[in-house]
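Remarks on the structure that follows.
The values are calculated or read from the model by the stated rules, or taken from the named source; none is laboratory data. Computed from a predicted model, the values in this text were never measured in an experiment. All Cβ positions, glycine included, derive from the backbone under ideal geometry; neighbour counts span all protein chains shown.
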Amino acid sequence: MSTDRDLTLYLYASLDSLLKIIETGKLKVSLPWGTNDITEGVPRNEQVRNYQTEAYGYICLSDNCTSPAMWGYYADRGRGACLVFRFKWLQPCEQNQNKEIIAWKIAHPVPKKVVWMPGKLYQVEYGEERSVFKSAEDILRYKSSDWKHEREYRYITPLADTKLENIIDTSYGKTGLYFVTDFTKYIAGIILGPRCQLQPIDVIEYVKKYTPKNKDPHISPDVDVVKAKFSPDLYSFIRQDDSPLAITGQSLTPSSPKPPFTWKKTED
């Protein structure tokens, strides 16, 4: 069954990363062994990561676009940007013991493709105690309370469903960079940091420059681009015109609670 819930989430990025995303329509996938959290994916009573987690990667998102900490260390000290993702149609697919929804399947962003994205969107849970290993996806949605300020959501996907590029041979086998495509089609807006050297018109022109002809665009050429500045009173950010730092993404708002096609049954 479909749901009328839509969800707005944010991805902080450096300026170089933003321009690469616009050019290619690809998002780099983080790997459990490459994050800044050394306890990532390490179950209770273990000292090393469970090997099954190495088959998965994820895209780290937040429900907060005004965090000084996040702008500082994920968006190059405010010189980068924050991408705004608006997910139109979600289907709950997992609940916790309290019957609260903890995971959703995301519809493919091109409606004519009646499929789901291969991964699942999880709301990260924080705590003091490490989690018992149940599955790779499950343990990757738990983090230490030290990271609670990030208010993180994770799109966790099998690496087998990503694109592997920049491949090199190592003594452990082939490795490289993993990317997901089509995810950028859910970008509803771009917030430039207060110290970003570009202005909104520059980014809009860059998006148009890399909009392919006769193909679905990586990012809508009508994307809403704004620039942030420091709030005069708070440890926060607002728009340059003094309005709240929010993007509605109206161009991505569904016209009805139901998608314009019949869903295939979601696989667990």
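Worth a mention:
- Checking each residue in the stretch 122-172 for being buried (at least 19 other Cβ atoms within 10 Å of the Cβ), under 13 Å from residue 41 (Cα atoms) and among the aromatic types (Phe, Trp, Tyr) picks out only 142.
- Complete set of residues in the stretch 11-29 that are closer than 18 Å to residue 157 by Cα and crowded, with 19+ Cβ neighbours inside 10 Å: 11, 25, 26, 27, 29
- Test: residue in the stretch 201-223 that is within 26 Å of residue 159 (Cα to Cα), part of a strand (DSSP E or B) and touching a helix residue (DSSP H, G or I) at 6+ places or on another chain (Cβ under 6 Å): no
- Close pairs (6 angstrom Cβ cut-off, 6 or more residues apart or separate chains): at negative phi in the stretch 72-91, at pLDDT 95 or above and of a type in the set (D, E, K, R) anywhere: 79/195
- Selection within the stretch 19-70 - part of a strand (DSSP E or B) and among the hydrophobic types (A, V, I, L, M, F, W, C): 27, 59, 60, 61
- Residue check for residue 89: surrounded by 20 or more Cβ atoms within 10 Å (Cβ to Cβ), at pLDDT below 90 and not β-branched (Val, Ile, Thr): yes
- Qualifying residue in the stretch 52-67 (condition: of a type in the set (Phe, Trp, Tyr), surrounded by fewer than 22 Cβ atoms within 10 Å (Cβ to Cβ) and either at pLDDT below 95 or within 30 Å of residue 228 (Cβ to Cβ) (or both)): no
- Unique residue being acidic (Asp, Glu) and in contact with a Ser or Thr (Cβ under 6 Å, 6 or more places away or on another chain) when the list is 76, 37: 76
- Candidates 38, 59, filtered to the one that is aliphatic (A, V, I, L, M), touching a helix residue (DSSP H, G or I) at 6+ places or on another chain (Cβ under 9 Å) and closer than 30 Å to residue 235 by Cα: 59
Conditions (1) modelled with pLDDT of 95 or more; (2) within 21 Å of residue 120 (Cα to Cα); (3) within 20 Å of the chain's Cα centre (by Cα), marked per residue:
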residue	(1), (2), (3)
175	no, no, no
201	yes, no, no
211	no, no, no
220	no, no, yes
233	no, no, no
237	no, no, no
251	no, no, yes
255	no, no, no
261	no, yes, no
